[in-house]
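To keep things clear, I will list the structure first and then write my remarks on it.
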Amino acid sequence: MKLTCFLASMSIVFSAATYAEDADKILQQVRDRNDGKDYLSTVTLRTLSEDSVLNQRQFYMLQKDIEKDEVMVLAIKAPADVRDISFLMRSFEEGTAQEDEQWMYLPAFRKVRRISATDKRGAFMGSEYSYYDLDKLRVTDFDSKVIKTDMLDGVETYVIEREPKSQDVINKSGYYKLVTWVDKQRKLILKQQYYDAKGILFKQLDIDKVEKVQDIWTITASTMSNFVENKKSTFLFHETLYNQGVDDAIFRKSKLKRGIKDSDVAELTKISEL
Amino acid sequence: MRWLALIVMGSASTSSYANLYIQPNLTTSFGYNVSEHYATEQRVELATKLEFSTENIDFTFDGRVEHDFVYNNNDRFSIDAQDQYESRAIIEEAYISGEISNRFWSFGYQKVVWGEADDLRVVDVINPLDYKDFIFFDIDDYRLAVPMFKLDYEYENGDTLNIITTLQQLSNEYPAPRAEFGNNYYPNSEQTQWGKYELGLRYSTFALATDVSLYAFHGYQDDPVVTLSPSERTLYSYEKFSMLGTSLSKPIDAFVLRSEFAYFDNYTVNDSDLSFKNVNKLEALIGLDYRYKDWTTTLQFTDRILNGWQPSYLIPKSAPIYTASAERGFFANQLYIRAAVSYLDNQGGGALSQLKLTYKPNQQWVLKLNLDLIEGDQENYLGAQQQRDRIWLAATYYF
């Protein structure tokens, strides 16, 4: 009997370890999936409270892998009062101790300002997406396990529960637990739930549309719902293009100051209008 | 409505194009002195931004025309103040720019900001200021554009070298006596002179996760030194000086440390007998930003040392300034709040407390409310304005 119990408990331990390993492996596949050498898109970010629009921004988003780091530029084009505010973010390879780097250009001050990247809980452009939500998926910051498989709108998914490994991760992200639905085939996150310190579900990400762009599965619409404040923000990605040969020089502070212009993007895309 | 016109000058495949962006806006603003209870501003402003880009050259224009009805039949303000501020046309920027293999050039009326400080100036010496509204607005709102040629060279590693030559010497602009902020600081002292060149160099690099810039400048002081003519008339003179400086910013956990340091050589000040004295000036600033969720808070301290300062000099020995601010957006950034306090710790002390609210009900309208309160000793630069507490309201419509 004792032997049976021992074997049963060993089996549970072994099974949990295998699941944890599987979860990290799955998430690593999501992180490493082919998303091109570079990426550019024109984006609409809209925040609504019930049906009234609180805030809408249009901006260019450009990303590139430079060696093992990922750099991203966001440059607002509308509305007029915030035009040319832009952000430059550099994320280092996961596992390195190096903190992310962030700068913001405010045209009103004509100055590129360094921003601390240790607290990413702030609202991105006033939306329900935080700065942390814009980061590339981080695998090693969380203890993850596959808790089940699930069908989500006809798509087979792994459901993975993720808990921050340290207080630093909580302080940076503001999340105490994540539950993530990963598309088994396409290795995309299709849904994510966010829990606070009391274990209450307060935010949910839903992927509204996935399209194949240049043979790469691409999220072209997503919604972040905040259940506490009863608000939601939608990202709509238009004219997304991969591998356009975006120059490293676009991702420099000096370029932020000169501005990412319509002509820069037109040159890259041969698309002439935002 | 956003006005974006596109002129296709060739086929898409040749990527030859011209792009015109025009964004006009109309602002009406109202100022009221809450200490002495009178209107200080009833202004209407029409402004526009224009950008015209071709494949090789860009043209940027930002300017406005304004009329202030507060001066109509108003005995509180002087004729000089009315002449100075009733109707104005202001060029915020107007320049052409282009790129030739990692060299970015621009020519025309421009504003260049040096350094890492917020609303304080240490190495920020290129553009003079317009003190019509004292120091109540953000500093870039009252910075004056200067005609200049600017060349930015970008090295392969991302370091940049900026070379600036200004073509016209412009001084700070002070309000005429009996304007809202009229006082005895250099009235009618403005000077503009073509052909008095200034030269500025900045080298920026990134090392040890720190943004570092080095600066060198040779040019004219923005404030005059004063002397009297044989007929006892006040004469203003804008003397040359040189500056070497550095600035850095570095994140430390949730903080960002900012600092500036500058050495001014051959800086001219007045003695009490209105003779000129050359001194060397050291000026430094340290600032700390802290982000917590949606809050951004800053603390700054700056001071200066005049080498060989004498009690008879007309400027105080030191000018320690402390500033603190906190800001954040609410309701999806429809409402933005900034509160700031500045304290100038010399000549009896003086403090400026500010509250700035910005509300954006939709994409077309921006509404602003500023409250500026001053207290301190009459001898103090801030305290001297203590009867000028003000509430200021503005509504801007973007077409």
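Every number in this text was worked out from the coordinates using simple rules, so none of it is lab data. Model, not experiment: these values are computed from the prediction. Here the Cβ positions follow ideal geometry from the backbone for every residue, glycine too, while neighbour counts run over all protein chains shown.
Tabulated data for the structure shown
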item: Most mobile of A:Lys187, A:Lys261, A:Lys212 in a GNM of chain A (Cα contacts under 10 Å); result: A:Lys212
item: With Cα atoms, 0 to 90° folded angle of helix A:2-32 axis to chain A main axis; result: 10
item: Tensor-based shape of chain B (alpha-carbon gyration tensor, a/c under 1.5 rounded, otherwise prolate or oblate); result: rounded
item: Partner chain coverage, peptide A:119-126 - average Cβ within 10 angstrom; result: 5
item: Estimated translational D of the protein assembly as shown in µm²/s (Stokes, Kirkwood radius over Cα pairs; 20 °C; 1.002 mPa s); result: 77
item: Positive-end extreme of charge dipole, chain B - chosen from B:Ser247, B:Leu382, B:Gly195 (charges on Cβ); result: B:Ser247
item: Spin-label zone in segment B:221-241 - amide nitrogen under 18 Å from a point set 7 Å from the Cα of B:Tyr313 along the C-beta vector; result: B:221-227, B:237-241
item: Debye, to nearest 20: dipole size of the protein assembly as shown, +1 on Lys, Arg Cβ, -1 on Asp, Glu Cβ; result: 1300
item: Inter-chain Cβ neighbour average for residues B:290-299, partner chain, 10 Å; result: 4
item: Exercise: per-residue mean of other protein chain Cβ atoms within 10 Å, A:76-88; result: 4
item: Cα centroid of segment B:46-76 to Cα centroid of segment B:301-359, whole Å; result: 29
item: Ellipticity estimate at 222 nm from DSSP helix runs (n ≥ 4, -39,500 (n - 2.57)) divided over the protein assembly as shown, nearest 500; result: -3000 deg cm²/dmol
item: Per-peptide average of other Cβ atoms within 10 Å, ordering B:256-268, B:291-303 highest first; result: B:256-268, B:291-303
item: Table column - 3J(HN,Hα) (Hz), segment B:217-226, Karplus curve with 6.51, -1.76, 1.60, x for Gly and Pro; result: 8, 9, x, 10, 5, 7, 9, x, 9, 10
item: log10 of Debye I(q)/I(0), alpha-carbon scatterers only, for segment B:285-399 at 0.15 Å⁻¹; result: -0.81
item: Built amide H within the under 5 Å cut-off of B:Glu173, gap 5+; result: B:Leu129, B:Asp130, B:Tyr131
item: Global form of segment A:201-265, assessed from the alpha-carbon gyration tensor, a/c cut-off 1.5; result: oblate
item: Per-peptide average of other Cβ atoms within 10 Å, ordering B:206-217, A:55-66 highest first; result: A:55-66, B:206-217
item: Charge sum, other residues only, whose C-beta stays under 11 Å from B:Ser29's C-beta, Lys/Arg counted +1 and Asp/Glu -1; result: -3
item: Segments B:48-54, B:94-100, B:232-238 sorted - mean Cβ within 10 Å per residue, highest first; result: B:48-54, B:94-100, B:232-238
item: Span from the segment A:106-124 Cα centroid across to the segment A:160-211 one, whole angstrom; result: 24
